[in-house]
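Shown next, in structure tokens, is the structure this report addresses.
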Amino acid sequence: MKGRVNSFQSLGAVDGPGIRCVVFMQGCPLRCHYCHNPETWEIGQGESWFSVEEMIQKISRFESYIREGGGVTLSGGEPLLQWEFAAELFSRLQKLGIHTALDTSGHGSLLGAEAVLKNTDLVLCDLKFSTEEQYEQYSGGSLNKVKEFLELTEKGRVPLWIRHVVVPGLNDEEEDIQAIGKIAQSYSNLEKLELLPFHKICLEKYEGLGLDFPLLHHPECSPEKIRILKKFCENNIDIPNCIR
């Protein structure tokens, strides 16, 4: 079994608990207007092939600092596009006592996702918008597909962190955040709701790939805006000790 891998980050600190090895898989079915990793979209672009055994050997180099409170996060791209590889890798990692986290958009085969979740210690799911129309317009995805995936995580009792990127002019009003919070709080396995600010540090990647960045003229989201929206969540959405 081999997987298409774009890159590794050996000291990840924002993709799950502790210090983590983050593996960015190649290939994604979405085209989110604010995507920070356009180099992971297309199959055959900047990828390397790794067997599960080769992945284990590479990850073992980082074991001294990821084992204590950290672990391995599969990100992307969309790791569920390569669910057979992800399932086998996570199974091997769990047998080695290494924490596994799946960073996903929730788009992919539900049967495949179920197989991956059997050996997943934590799911980090991007909940991008609160309506089907916004999902289609700004990502080419489906809110209903994400909800189906989130229901699988609840059924499997896999701890869940929901992440929401706040983009000025797209989804940064209080009613947008309230709608996201309402969806998030409906899942009993929810542990955290993260509000993340939209930035444009990815512009150089788009330029290098000859791609237009759809939100080039949108302002970035300020720390103050995130602070205000977090306070709004705390006061108006019933998700105790969950807002980050």
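The values are calculated or read from the model by the stated rules, or taken from the named source; none is laboratory data. Since this is a predicted model, take the numbers as computed values, not measurements. Here the Cβ positions follow ideal geometry from the backbone for every residue, glycine too, while neighbour counts run over all protein chains shown.
Suppose the filter is modelled with pLDDT of 95 or more, exposed (fewer than 15 other Cβ atoms within 10 Å of the Cβ) and part of a loop (DSSP other than H, G, I, E, B); does ASP238 pass it? Criteria not met by ASP238. For the structure I just gave you, tell me whether GLY181 is exposed (fewer than 13 other Cβ atoms within 10 Å of the Cβ), part of a helix (DSSP H, G or I) and not acidic (Asp, Glu). For GLY181, the condition - exposed (fewer than 13 other Cβ atoms within 10 Å of the Cβ), part of a helix (DSSP H, G or I) and not acidic (Asp, Glu) - is not met.
Here's the yes/no breakdown for (1) more than 17 Å from the chain's Cα centre (by Cα); (2) of a type in the set (Asp, Glu); (3) closer than 15 Å to ASP121 by Cβ:
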{"residue": "GLY3", "(1), (2), (3)": "yes, no, no"}
{"residue": "PHE24", "(1), (2), (3)": "no, no, no"}
{"residue": "LEU30", "(1), (2), (3)": "no, no, no"}
{"residue": "PRO38", "(1), (2), (3)": "no, no, no"}
{"residue": "PRO79", "(1), (2), (3)": "no, no, yes"}
{"residue": "GLY97", "(1), (2), (3)": "yes, no, yes"}
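Each residue in segment 14-66 was checked for being part of a helix (DSSP H, G or I), of a type in the set (A, V, I, L, M) and more than 16 Å from PHE90 (Cα to Cα), and 0 of them qualify. Which residues, taken from segment 13-46, are of a type in the set (Lys, Arg) and crowded, with 22+ Cβ neighbours inside 10 Å? ARG20 - this is the single residue of segment 13-46 that is of a type in the set (Lys, Arg) and crowded, with 22+ Cβ neighbours inside 10 Å.
Sub-9 Å Cβ pairs linking a first residue in segment 192-209 that is closer than 11 Å to GLU220 by Cβ to a second residue that is in a strand (DSSP E or B) and not basic (Lys, Arg), at least 6 apart or interchain, are PRO197/VAL165; PRO197/VAL166; PHE198/VAL165; PHE198/VAL166, ordered by first then second residue.
Residues that are touching a residue at least 12 places away in the same chain (Cβ under 8 Å), more than 24 Å from ARG31 (Cβ to Cβ) and of a type in the set (S, T, N, Q) occur in segment 113-127; there is at least one.
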